[in-house]
Amino acid sequence: MSGNVTIDLTKHERYLKYVITMLPESAASQELNRVVLGYFAMTTLDLFGCLDKYYNEDRKKLMIDTIYSLQVRPGKGIIHNDFYDIFLCLKENPNCGFMGSNFFGNVFDPSGNDADIVYPMEFPHITMTAMCLIMLIMFGDLQLSRVNKRGILTGLKACQRIDGSFGYLPVDTETDLRFTYSACVSCYILDDWGDIDVEKMVEYIHRCQRYDYAFAMEPGCESHGSACYLAVASLWLLGRLDELRHRDELIKWLVNLQGLGFCGRPNKLEDSCYTFWIGATLKILGVLEDVVELNHVRSYVLDCEGNMGGFAKWCDCDPDPYHTHHSFYGLSILNLDQLPEIHPAFGTTLSVFRKIEESINLRKQQ
């Protein structure tokens, strides 16, 4: 098999349109994370080069308004009672960002005004914020015209813990490299690292590297393929990739995860999503084509293709938006001729990354 294999993208377009308009039953429990599912679907359509086919200028404007309606702004917060106390956000608290959906019935308000409105269970999420910023630029809002930059940067600072790690909320939540990477993406796009302690952030990333030279989600935990991506991509976004330790040993660990496809940990089954996590990490490190049997991995991923569209974790399983997105972006990393090149550290098409760079330059000129 070569990079010239052809995939029927039409059925995958139908599947992704289904994900955008109505969640598959298997994903219904993820309603609170609709931004994530929408991000997977829309960025995959962008990879196909057909986003404009489904989103004309009016629909793009509606999408931009919809994303802004999920922005949690200063002056908006959580009803205070015993149950919601952990999510209390006082009127004077400047923290803000984007939430994952309007599942709790929030009023559609894309204005960007700092209205004194209180909704129950409205709080920003650090990963949703990064994804929303990318989608705003992808749909054409290069100036991020209604983004409360100062509030987001203040919120990111509040999410940073004393050890340099990040949680997904300013309150006491789990911390790991997922949220470190999300903070890096947002700060890179905003072209401002605010009051974040960058040195502690970098130190935390290094502390996640284990005795086997791979990275864990948290210090002292088990090494994991996706954690390696989050660590290496974060260092790239920070402009500190040259500080990566034990580079050659890390590459060897990653390469040893290849069977037919890639697995996430030694002695585990291959999984289609690691085509992206491992492939993109090796791409950032500049060694992918030298160390990976690309044809074998392509063959494994294509075996996970659903008959009605989408990709599954394993063959003979139901497809889902997560594995569909990561499989296609992984196939792009593996140089499938049918797909355009992506930016491995951002996980977007090069065209979207160029828009991000254009957005940064436009805002510098203001």
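Quick note: the coordinates plus some simple rules give every number you see, no bench work behind them. Since this is a predicted model, take the numbers as computed values, not measurements. Here Cβ is always computed from backbone atoms with ideal geometry, including for glycine, and neighbour counts include all displayed protein chains.
Simple spin-label model, 7 Å along Cα-to-Cβ: Asp248 to Asn56 in nm?
5.9 nm
Can you tell which of Ser182, Ser299, Ser223 shows the greatest fluctuation in a Gaussian network model of the chain with Cα springs below 10 Å?
Ser299
Check each of the GluC sites (Glu not before Pro) in the stretch 288-343 and keep only those in coil by DSSP with at most 16 other C-beta atoms within 10 angstrom; list them in order.
Answer in residue order: Glu293, Glu341.
What number, in percent, do you get for the relative contact order of the chain if the mean sequence gap of Cα pairs under 8 Å and at least 6 apart is divided by its residue count?
17 percent.
D for the chain, whole µm²/s, Stokes-Einstein with Kirkwood Rh over alpha-carbon pairs at 4 °C and 1.567 mPa s: what number?
62 µm²/s
Taking amide H atoms as placed 1.01 Å from N in the peptide plane, list the residues 5 or more away in sequence, or in a different chain, whose amide H sits under 5 Å from that of Phe311.
Sorted by chain and number, the residues that satisfy this are Gly306, Asp320, Thr324.
Express as a percent, rounded to the nearest 5, the fraction of DSSP beta bridges in the chain (both residues included) that run antiparallel.
90 percent
So if we plug the beta-carbon distance of Ala158 and Lys200 into 1/(1 + (r/R0)^6) with R0 = 22 Å, what FRET efficiency do we get, rounded to 0.05?
In this case the efficiency is close to 0.90.
Have a look at Gly309, Gly225, Gly330 and tell me which one the Gaussian network model of the chain (Cα, springs below 10 Å) gives the largest fluctuation.
Taking springs between Cα atoms under 10 Å, the residue moving most is Gly309.
Rounded to the nearest 500, what is the chain's calculated 222 nm mean residue ellipticity when only DSSP H runs of at least 4 contribute -39500 (n - 2.57) each, over all residues?
About -14000 deg cm²/dmol.
Remind me, relative contact order of the stretch 208-366 in percent, using alpha carbon pairs under 8 angstrom and six or more residues apart?
This gives 17 percent for the stretch 208-366.
Looking only at Phe353, Phe103, Phe48, which one moves most when the chain is put into a Gaussian network model with springs between Cα atoms under 10 Å?
Result for the chain, Cα springs under 10 Å: Phe103 fluctuates most.
Work out, in µm²/s and without decimals, the Stokes-Einstein translational diffusion coefficient of the stretch 208-366 at 20 °C, 1.002 mPa s, Rh from Kirkwood over C-alpha pairs.
The diffusion coefficient I find is 132 µm²/s.
Mind giving me the FRET efficiency for Lys364 and Leu241? R0 is 30 Å, r the Cβ-Cβ distance, nearest 0.05 is fine.
0.80
On alpha-carbon atoms, Rg over Rh for the stretch 159-202 using Kirkwood Rh?
Result for the stretch 159-202 is an Rg/Rh of 0.93.
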